[in-house]
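Notes to accompany the following structure.
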Amino acid sequence: MNKLPLRHIHRLILLLFVVVLFSCQDMPANVSSDPAERILNGDRVRVVSELSVPAHKASVMLQHGRIINESVDRFEASCRFVMKAIRNAPQKIAPGEFRVSNVRYWEDFVAPDVRVPLSGGEFINYEITLRLQSEKQPEVYSLVCQHDDDHVYGRHLNVREIQQALSRLVRIIKH
């Protein structure tokens, strides 16, 4: 009878552990469990005012209801519409509605610009990517909203905070 070598058993145990660990995680722990506070598949994003993506760029950034061309306050909610391609001429995002087809949460450690001695100093960039679909504007790929927050008490943005970043230019419509 053939026995499985010990090194293969260790790999199988590790693989089983990883599968069990990740199958239990529906979403990050720092995302609201209340569906009314989260953007879900099937929700809508309505562009109310035309947005312009600059030439040689693939995105346009919004914060506090305004288009931001230069610096963004990383600790306040900001969102950017991402196009599928970079063009030599400006691209327009016309008023209209997009369906959210996928929602992805992402977290990444961010080093602060200035290090304070004896402090933890770590921040996390909390990002939510909404994959958008529209038959009328298929060149619009996604809406990415983010902010940096404390690594201990930080959390992902909720619908209200995202709406504040978009203000009157764009509306989130829950289904």
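The values are calculated or read from the model by the stated rules, or taken from the named source; none is laboratory data. These numbers were taken from a predicted model, which means no experiment stands behind them. FYI the Cβ positions are ideal-geometry reconstructions off the backbone, even for glycines, and counts take in every protein chain you see.
For segment 125-136, a residue qualifies if it is surrounded by 19 or more Cβ atoms within 10 Å (Cβ to Cβ) and either farther than 20 Å from Lys84 by Cβ or polar (S, T, N, Q) (or both), and exactly one does: Tyr126. Among the strands (runs of 3 or more DSSP E) confined to segment 95-173, the ones with at least 3 residues that are at pLDDT below 95 are located at 96-110, 123-133, 140-150. Report whether or not Arg38 is at pLDDT below 95 and in contact with a Leu (Cβ under 9 Å, 6 or more places away or on another chain). No; evaluated as a whole, the condition is false for this residue. When the criteria are applied in full, Ala111 fails the requirement of being surrounded by 15 or more Cβ atoms within 10 Å (Cβ to Cβ) and either farther than 23 Å from Ala55 by Cα or under 15 Å from the mean Cα position of the chain (by Cα) (or both).
If you go through segment 68-92 and pick out every residue that is modelled with pLDDT of 95 or more, assigned to a strand (DSSP E or B) and either within 19 Å of the chain's Cα centre (by Cα) or charged (D, E, K, R) (or both), you end up with 7. Candidates in segment 56-67 are the residues that are part of a loop (DSSP other than H, G, I, E, B) and out of contact with any Asp or Glu (no Cβ under 9 Å at 6 or more places or on another chain); of these, the one that is farthest from Leu130 (Cα to Cα) is His56. Among the residues in segment 51-65, are any farther than 25 Å from His175 by Cβ, touching a residue at least 60 places away in the same chain (Cβ under 8 Å) and out of contact with any strand residue (DSSP E or B) (no Cβ under 6 Å at 6 or more places or on another chain)? Looking for residues that are farther than 25 Å from His175 by Cβ, touching a residue at least 60 places away in the same chain (Cβ under 8 Å) and out of contact with any strand residue (DSSP E or B) (no Cβ under 6 Å at 6 or more places or on another chain), one finds at least one in segment 51-65, hence yes.
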